[in-house]
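Taking it in order: structure first as structure tokens, then the write-up.
Every read-out reported here was derived from the displayed coordinates using simple, explicitly stated rules and does not represent laboratory data. These numbers were taken from a predicted model, which means no experiment stands behind them. Positions of Cβ are generated from backbone atoms using ideal geometry, with glycine treated the same way; all protein chains shown enter the neighbour counts.
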Amino acid sequence: MRKKVLIIVLIIVAVLGFFALSSALAAKRVVADLKQVTTSLENQDLDNAKNSLKSTKKDLEITKGSLLPFTPLKFIPVLGWYVTDAQNGLDSAIAGIDAGSTFADALTPYADILGLKGKSTFLGGTAQERLAKGIEALSKVTPQLDEIGKKLTDASSSLDKIQSWRYPNFLPGKPGDKIKSAQIGLEEARSLIVDYKPLISVLPQMMGEDKERRYLILFQNDKELRPTGGFISAYAVFRVNKGVIESEGSSDIYKLDDELVKKVQAPAPILKYLPNVYTFNLRDTNLSPDFRASMEQFNSFYDATIDKKNIDGIFALDTHFVVSLMNVLGPIEAYGTKFTTDKVKECDCPQILYELEKYADQPVAYEKSDRKGIIGVLMQQMMSKAFNAPKSSWPKLLDAGIQDLKQKHFLLYFLGSSEQDAVEKVNFAGRLYNYNGDYIHINEANFAGAKSNLFIQEKVNQKVTKDKDGKLHKVVTIEYKYPRDGDNCSLERKGGLCLAGIYRDWVRIYVPKGATLIKSSGTEKKMEQTDELDKTVFDGFFTLRPQGALKIEIEYTVPVKVDKEYKLLIQKQPGIEGHSYEIDAFGKHQKAFPLTTDKELIIKL
């Protein structure tokens with residue numbers, strides 16, 4: 001009996017050895033092919049790249065054929081895992097190569113104009129010229145995106161079938177980590193083509209491929225939180241023509257407000273909560289938590305300014321966006337000051353944020369020109385540095401930009417319907433969405449001036465049960481902590497800088513339409529219930545002093561019935577960096593998490 005077991009073990013070892021040797025030899029050929037693909041792409045030689053892709057696919061198919069005799073081993077415990085994994089890996093690689101070949105074929109008719117025929121000056125031109133060529137290339141391949149996306153989906157699906165735990169990292173090369181990394185990378189490539197196809201399709205026209213575009217850029221200071229992300233403190237105008245971006249200047253938002261040719265009374269929330277402000281200004285128009293609605297309001301006022309320019313869209317960015325780009329680009333100089341992302345003790349925040357607050361708000365004995373226009377100058381400096389950065393930095397810059405779009409630190413609004421539809425489909429437009437299930441969006445506005453949101457900590461807890469009628473019964477608790485000594489906010493005092501002042505917060509909680517407020521506590525007056533943006537809204541106001549704490553609690557019912565699963569969509573407010581959320585649904589406790597993006601939770605009951 002022992003002899004038979006030994007023979008079986010030896011046969012398995014021999015088979016595995018032959019299997020491994022065949023795979024290693026095949027892998028060696030494939031790696032050599034892929035190196036040739038890489039070399040051809042670096043030389044902008046599309047024809048050689050296509051030939052190398054064909055050679056790679058041929059070697060992969062030969063390898064796949066050589067593994068066919070091992071197919072029956074798939075049914076042997078443990079051993080079968082590795083045979084199946086090898087076949088799935090090959091299927092994934094072939095589908096991925098097919099996607100690359102389809103992309104290359106789509107570019108072939110335009111290889112000459114894109115500088116993809118042998119050695120070219122494409123990578124030798126300016127960054128702006130390379131961007132223009134890239135936009136032109138993108139416009140040529142959009143008709144093939146569906147086919148490319150399907151092949152990348154097939155590739156990702158096959159690779160995901162491989163379980164990385166079967167390949168422990170104590171083996172040479174840490175294969176488990178490499179498999180996970182490959183799966184993540186392939187899924188990101190699939191998502192880029194499939195999920196972002198609506199955006200990719202219109203990106204060339206956004207970048208002026210067909211005609212020049214002009215965009216208004218708003219800086220929202222998220223440390224003075226407002227409904228769409230922050231107080232609008234500065235603006236800049238840029239025009240884009242075939243991917244080439246040029247600045248038309250920047251300025252302080254107060255100057256633009258001074259150019260308004262009409263004055264209207266401020267709306268009720270401003271009259272009620274924002275001291276000594278009686279007229280409606282451009283800087284306060286972002287009152288709606290829906291970015292599109294706020295920008296439509298802003299644009300109607302912008303049309304009534306003396307300096308108004310014809311624009312095609314409005315983009316808004318906050319301090320997080322500035323810091324994330326600088327983390328890639330490094331220090332930037334403007335107005336004789338070197339700005340960095342190093343933390344400073346004065347605010348326990350990046351030095352650039354502290355310096356910007358000093359420059360914009362610190363009173364001095366002389367008149368500062370264009371005090372908040374420095375934002376536009378910094379944006380121009382960052383853009384110039386980005387375009388002249390080494391090409392190795394571009395993937396990091398792209399990733400930083402996409403993450404900021406996902407986390408609503410960079411918001412997009414277009415006057416053109418096709419572009420606006422595209423950014424809404426990928427959730428880059430800061431919209432409040434309807435949802436088939438439970439829903440919550442907490443939106444706050446700092447109506448005190450000071451930069452209190454630098455320091456305030458926020459934690460949200462939700463407890464969900466059923467009431468006797470089968471509807472959802474919810475108790476939502478929001479806890480605020482302000483662990484900072486107050487600053488001297490009497491700005492008449494020379495040299496004063498007010499960062500930590502009294503926090504005056506207008507808070508609105510958006511829930512499914514038809515919800516009913518049972519009771520509330522923690523606000524200065526009982527919360528009021530209204531309807532807005534096809535949601536029910538609970539509206540309140542409170543003040544919080546430095547070194548203080550406060551808790552708001554609301555209890556309400558939602559006209560949503562659940563059976564086998566509970567679905568909840570939490571939409572994040574722009575400008576927020578990640579308040580803590582904790583949920584207890586029907587006795588099932590969900591671990592606390594930072595809300596950095598919109599998040600959907602599905603809990604099986």
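Mind checking the dipole of the range 221-271: about its Cα centre, +1 per Lys or Arg Cβ, -1 per Asp or Glu Cβ, Debye to the nearest 20? Don't jump to the answer; show the numbers that get you there.
On the way: 7 positive and 8 negative charges, 36 e Å.
It works out to roughly 180 debye.
Can you pull out the chymotrypsin sites (Phe, Trp or Tyr not before Pro) in the range 530-605 that DSSP calls coil and that have at most 15 other Cβ atoms within 10 Å?
Details: sites: Phe538, Phe541, Phe542, Tyr556, Tyr566, Tyr581, Phe586; in loops: Phe586.
Here the chymotrypsin sites (Phe, Trp or Tyr not before Pro) that fit, given the DSSP loop and packing criteria, are Phe586.
Which of the GluC sites (Glu not before Pro) found in the range 496-595 are loop residues per DSSP with 14 or fewer other Cβ atoms within 10 Å of their Cβ? Before the final figure, lay out the partial values.
On the way: sites: Glu524, Glu528, Glu532, Glu553, Glu555, Glu565, Glu577, Glu582; in loops: Glu524, Glu577.
Those satisfying the criteria are Glu524.
Let's see if you can work this out: charge +1 on each Lys and Arg Cβ, -1 on each Asp and Glu Cβ, no other charges. What is the dipole magnitude of the range 388-501 about its Cα centre, in debye to the nearest 20?
Numbers: 17 positive and 14 negative charges, 55 e Å.
In total the dipole reaches around 260 debye.
So how much slack lies between Leu192 and Leu533, counting 0.36 nm per residue of separation and subtracting their Cα-Cα distance, in nm?
Numbers: separation 341, 0.36 × 341 = 122.76 nm, distance 3.02 nm.
Result for the pair: 119.7 nm of gain on full extension.
Could you grab the relative contact order for the range 213-425? Cα pairs under 8 Å, six or more apart, rounded to a whole percent. Can you show the working numbers first?
Numbers: 321 pairs, mean separation 49.6, N = 213.
Relative contact order for the range 213-425 comes out at 23 percent.
Could you tell me the extents of the range 453-605's C-alpha atoms along the three principal axes, largest first, rounded to whole Å?
Computed over the Cα atoms, the extents are 63, 30, 25 Å.
Over the chain, what relative contact order in percent results from Cα pairs under 8 Å that are six or more residues apart?
Worked out over the chain, it gives 11 percent.
Identify, among Val261, Ile200, Val277, the residue whose Cα sits farthest towards the positive end of the charge dipole of the chain, taking +1 on the Cβ of Lys and Arg and -1 on the Cβ of Asp and Glu, with the dipole about the Cα centre.
Going by the Cα projections, it comes out as Ile200.
Under the Kirkwood approximation for Rh and a Cα-based Rg, what ratio Rg/Rh is obtained for the chain?
Numbers: Rg = 28.5 Å, Rh = 27.7 Å.
Radius of gyration relative to Kirkwood radius: 1.03.
Using a simple charge model, +1 on the beta-carbon of Lys and Arg, -1 on the beta-carbon of Asp and Glu, nothing else, what dipole does the chain show about its Cα centre, in debye to the nearest 20? Mind showing how you got there, number by number?
Details: 83 positive and 78 negative charges, 430 e Å.
With only Lys, Arg, Asp and Glu charged at Cβ, the dipole is about 2060 debye.
For the range 413-535, what is the largest minus smallest coordinate of the Cα atoms on each principal axis, given in angstrom and ordered from greatest to least?
Here the spans come out as 59, 46, 22 Å, largest first.
Once the cut-off is 19 Å, how many percent of the Cα-Cα pairs in the range 425-497 end up in the long-distance tail? Present the calculation step by step, with values, prior to reporting the outcome.
Values: 1639 of 2628 pairs.
The proportion of pairs with Cα distances above 19 Å equals 62 percent.
Can you pick out the pairs among Lys50/Lys133; Lys140/Lys406; Lys471/Lys551; Lys459/Lys588 whose Cα atoms lie more than 22 Å from each other?
Values: Lys50/Lys133 20 Å; Lys140/Lys406 27 Å; Lys471/Lys551 26 Å; Lys459/Lys588 19 Å.
Distance filter (> 22 Å) returns Lys140/Lys406; Lys471/Lys551.
Any idea which of Gly376, Ile232, Tyr215 is furthest toward the positive side of the dipole for the range 213-425, if Lys and Arg beta-carbons carry +1 and Asp and Glu beta-carbons -1?
Of the options given, the answer is Tyr215.
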